[in-house]
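The values are calculated or read from the model by the stated rules, or taken from the named source; none is laboratory data. Predicted model, so just to flag it, every value in this text is computed and none were measured. Counting neighbours? That spans all protein chains shown, and the Cβs are built from the backbone with ideal geometry, glycine included.
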Amino acid sequence: MERIPILQMGEFLLVTIQVDMHDQLALNLQEDLTDRISRTSARGVLIDISALDMVDSFIGRMIASISGLSRIMDAETMVVGMQPAVAITLVELGLTLPGVSTALNVERGMQVLRKRVAGR
Amino acid sequence: MNVNVNQSGSLAVRVEQDVVLARQQARKIASEQGMRLVDLTKLVTAVSELARNTVVYGGGGDMDWQVIEQSGRIGLRMLFRDEGPGIADTRLALTDGWTSGSGLGLGLTGARRLVDEFDLDTAPGQGTRITITRWI
Ligand SMILES: Nc1ncnc2c1ncn2[C@@H]1O[C@H](COP(=O)(O)OP(=O)(O)OP(=O)(O)O)[C@@H](O)[C@H]1O
Ligand SMILES: [Mg+2]
């Protein structure tokens, strides 16, 4: 089955979404990520969506649910690199992604994650 | 008002992967017509929502697309049609947050906000036809 790779960097997991995801692929990612968090005791997850040129309600819901699930598992999720056109569209669609932390790029996201994890 | 059809085509929207193909097709036509990135993103997102509904609720159908011209304006028009169960209460279906399944109930209302024109034609047992237009 087709899957999106998850990289481990110390206590963080990094996912770069580079394909136009169909729904099952998005669901697989959610499953794989929660599985990896529990196996590696990762403290943070960084999801880079800078290559995504569209986020619809399905992908948005997947992002929100990864964020919620990881929190329950004592890990923080940061979504980084959302394109401005995607952000504008999401708001108009009615998806504001409450509870999802975002940052401009991977570097900044990593900084925030490190601070948050250190502060706990 | 006279509407000219400059280009047209059709795409089967039967399975989940077709949703990806539908939005890629919409992106291709819109960028060929020089649609601005934000408008294009909105159109593609609306297409994704409606194509998914066609697969999930309509039991599969088709997307007919047209590049149209009216009073010197160019636009993209898409018709999503299926022969599924139809929608009994269209007012309810067009309410933010209402879903008969496990969605967020944002697809129809969100898609309507993302385009310039939105027309829903459906009845129980009569399938569903949704036409959207986005002007360039
Ligand atoms: N093509 C269709 N045929 C039959 N019913 C439909 C069709 N499209 C939408 N509906 C009905 O309208 C409801 C609202 O659709 P909408 O796309 O707004 O929300 P959803 O698909 O349930 O959730 P979301 O799109 O946010 O994941 C659906 O739950 C479904 O009952
Ligand atoms: Mg929907």
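Before moving on, here are some points about what is shown:
- Leading residue by the ranking (nearest to A:F58 (Cα to Cα)) among those in the range B:24-47 that are crowded, with 24+ Cβ neighbours inside 10 Å and within 7 Å of another protein chain (Cβ to nearest Cβ): B:T45
- Options B:Q33, B:Q66: the member that is polar (S, T, N, Q), at pLDDT 95 or above, farther than 22 Å from A:D20 by Cβ and more than 16 Å from ligand 2 (Cβ to nearest atom): B:Q66
- Filter result for the condition that a residue is surrounded by fewer than 20 Cβ atoms within 10 Å (Cβ to Cβ), within 15 Å of ligand 2 (Cβ to nearest atom), closer than 26 Å to B:V5 by Cβ and at pLDDT 95 or above, over B:L50, B:L120: B:L120
- Scanning the range A:93-117 for residues that are out of contact with any strand residue (DSSP E or B) (no Cβ under 7 Å at 6 or more places or on another chain) and surrounded by 17 or more Cβ atoms within 10 Å (Cβ to Cβ) turns up A:L93, A:G94, A:L95, A:L97.
- Only one of B:Q7, B:Q17 that is surrounded by fewer than 16 Cβ atoms within 10 Å (Cβ to Cβ) and under 20 Å from A:R61 (Cα atoms): B:Q17
Yes/no per residue for (1) more than 9 Å from chain B (Cβ to nearest Cβ); (2) closer than 24 Å to B:L37 by Cα; (3) of a type outside the set (S, T, Y); (4) under 13 Å from the mean Cα position of the chain (by Cα):
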{"residue": "A:Q24", "(1), (2), (3), (4)": "no, no, yes, no"}
{"residue": "A:D35", "(1), (2), (3), (4)": "yes, no, yes, no"}
{"residue": "A:R43", "(1), (2), (3), (4)": "yes, no, yes, no"}
{"residue": "A:S50", "(1), (2), (3), (4)": "yes, yes, no, yes"}
{"residue": "A:G60", "(1), (2), (3), (4)": "no, yes, yes, yes"}
{"residue": "A:I63", "(1), (2), (3), (4)": "yes, yes, yes, yes"}
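- Filter result for B:I130 (away from every other protein chain (no Cβ under 14 Å), near ligand 1 (Cβ under 8 Å from one of its atoms) and under 17 Å from B:L43 (Cα atoms)): yes
- Test: residue in the range B:55-77 that is of a type in the set (K, R) and within 12 Å of ligand 1 (Cβ to nearest atom): no
- Taking (1) away from chain B (no Cβ under 14 Å); (2) surrounded by fewer than 14 Cβ atoms within 10 Å (Cβ to Cβ); (3) modelled with pLDDT of 95 or more in turn, A:P84 satisfies each apart from (1).
- Residue count for the range B:79-113, restricted to those that are away from ligand 2 (no atom under 14 Å from the Cβ), of a type in the set (A, V, I, L, M, F, W, C) and surrounded by 15 or more Cβ atoms within 10 Å (Cβ to Cβ): 1
- The residues listed here are B:L92, B:L79; of these, the one that is touching a strand residue (DSSP E or B) at 6+ places or on another chain (Cβ under 7 Å) and either modelled with pLDDT under 95 or among the aliphatic types (A, V, I, L, M) (or both) is B:L79.
- Test: residue in the range A:2-16 that is outside any loop (DSSP other than H, G, I, E, B), surrounded by fewer than 17 Cβ atoms within 10 Å (Cβ to Cβ) and within 14 Å of chain B (Cβ to nearest Cβ): no
- Residue check, A:S67 more than 11 Å from chain B (Cβ to nearest Cβ), on the phi > 0 side of the Ramachandran plot and free of Cβ contacts under 8 Å to residues at least 60 places away in the same chain: no
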